[in-house]
Amino acid sequence: MFCSRRPIAKLILSQQCKGRDSVFSLDRSKNDTSVTLDLLRAMAAQMVCVGHAMNFGRTGYTFVPNDGVLLFFILSGFLIAYTLDTKSGLESYGLIDFGIERVARIYTAYLPALLLIGAVTVLAERYGIEMRGDPTNLRTYLGNLVMLQNVPCCWRVSTFGTAGHLTSVAVEFHIYFFVGAIYFLLRRKNMVLCFLVAVLFSTMPLAYFAGIAQSDHALFVLWLLGFASYFTVRSMSGYRECAPFFVFAFLVCLIVWIRQRTPGDDWNIRQYPMLIFSFFSIVVVSQAVRLIPERLGKLITLVADYSFSLFLIHLTILRVIYALFPQASVARTLIGIVVSNVLAIVFAFVFERRYRQVASAIKVLLGRSGKRISSKLDHDAVDTGRQDAVTGIS
């Protein structure tokens, strides 16, 4: 009788272990997913920086920056889904808190970056340094400050000066509020406010829902695929049992995407499925393993933590260097990449990393400081850049 109970106990224990393996987590002590997402974030930023350094430095031409932006949008969708899912379960957390966090996450770096770009533009014009770029008038600058660059409505302005790549930041900013408002509307939290915000921020995301040839106007589709990927991964069970299959799936999907990828037409919606399946597969595999050494993980996170700053200011830095040293060379391109990274690290340390403090200050100012999110959620949350990943991401 006693011995017969042991297999039952063993079965119960195995089911409990399987259950723990089935719960999606970004806890670094349990799996490699958080570090993997950081690695992808760092890669995306470097792809944009290195590609632009080559293209503007006339040492080659590549469409890799476009692929970096695609990766940023996938990461952003995935991580915003995670943030909404984990934090919205608290009764006190709603669209206002979400909006404060998004504004702080973006503007803590974006505002000083745009001020820097404006100052560099004024100084370049004063001292006769030739830096070709977009319009530099006050209306364009103010429009960029409030994320109206290339928004498809009567308030539209172009990008400012050497900030031609920052339309993607505006696209993501509008997506955050559009999707966030719809999400909380469906959860029946502050419904009138959510409806008004969704309408106000709908124009740009919906404009980027159409697959227009030779344009990036399908990026919202890709963002939503990243968003859906999170809920799909979360609903799965038995990551370890699935891991061998998804290693194979990742390799196959990545190879197919590389082979079907058409340089110059990277935005084509037909190329999205294999890219998103590759991302989905590597996330599933990373949930099942804990292989990345701690020191390497810290290095990856260090590089990822200044990725948004790098995305924001690298093009201005490159154009200044190339204007001061007009002779094209590989050495000049390499110097541009190194200087961009070094200054981005400093910029992130001074500005970007303060976003939590900024968010807390805004909440205090609005009388919402008592509505704190649990420390566990704050610890587990991974913001992209860009993402917020931004491009990018959260």
- Checked against the positive end of the charge dipole of the stretch 210-282 (+1 on Cβ of Lys and Arg, -1 on Cβ of Asp and Glu, about the Cα centre), the farthest of 228, 278, 247 is 247
- Put a dot 7 Å past each Cα toward the Cβ at residue 91 and residue 291; how far apart are the dots in nm? 4.6
- Query: Hey, what do the phi angles of the stretch 114-120 turn into as Karplus ³J(HN,Hα) couplings, whole Hz, using 6.51/-1.76/1.60 and θ = phi - 60°, x for Gly and Pro?
  - Reply: 5, 5, 4, 4, x, 5, 5
- Query: For the stretch 29-380, what number of Lys pairs, 8 or more residues apart or on separate chains, have alpha-carbon atoms under 30 Å from each other?
  - Reply: 15
- Fewest-first ordering of 253, 49, 153 by Cβ atoms within 10 Å yields 153, 253, 49
- Message: Could you compute the net charge surrounding residue 259? Neighbours are other residues with a C-beta less than 15 Å from the C-beta of residue 259; K and R count +1, D and E count -1.
- Response: -1
- How big is the charge dipole of the stretch 29-380 about its Cα centre, in debye rounded to the nearest 20, if each Lys and Arg gets +1 on its Cβ and each Asp and Glu gets -1 on its Cβ? 580
- Rg/Rh over Cα atoms for the stretch 276-343, Kirkwood Rh, comes to 1.17
- log10 of Debye I(q)/I(0), alpha-carbon scatterers only, for the stretch 29-380 at 0.07, 0.10, 0.11 Å⁻¹: -0.31, -0.65, -0.79
- Total formal charge among the other residues, if their Cβ is under 15 angstrom from that of residue 146, Lys/Arg +1 and Asp/Glu -1: +2
- Taking 0.36 nm per residue of separation between residue 232 and residue 327 and subtracting their Cα-Cα distance, the length gained on full extension comes to 29.1 nm
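Rule-based calculations on the coordinates, nothing more; no lab input. Bear in mind the structure is a predicted one, so any value in this text is a computation, not a measurement. When we count neighbours, we look across all protein chains shown, and the Cβ atoms used for this are built from the backbone with ideal geometry, even at glycine.
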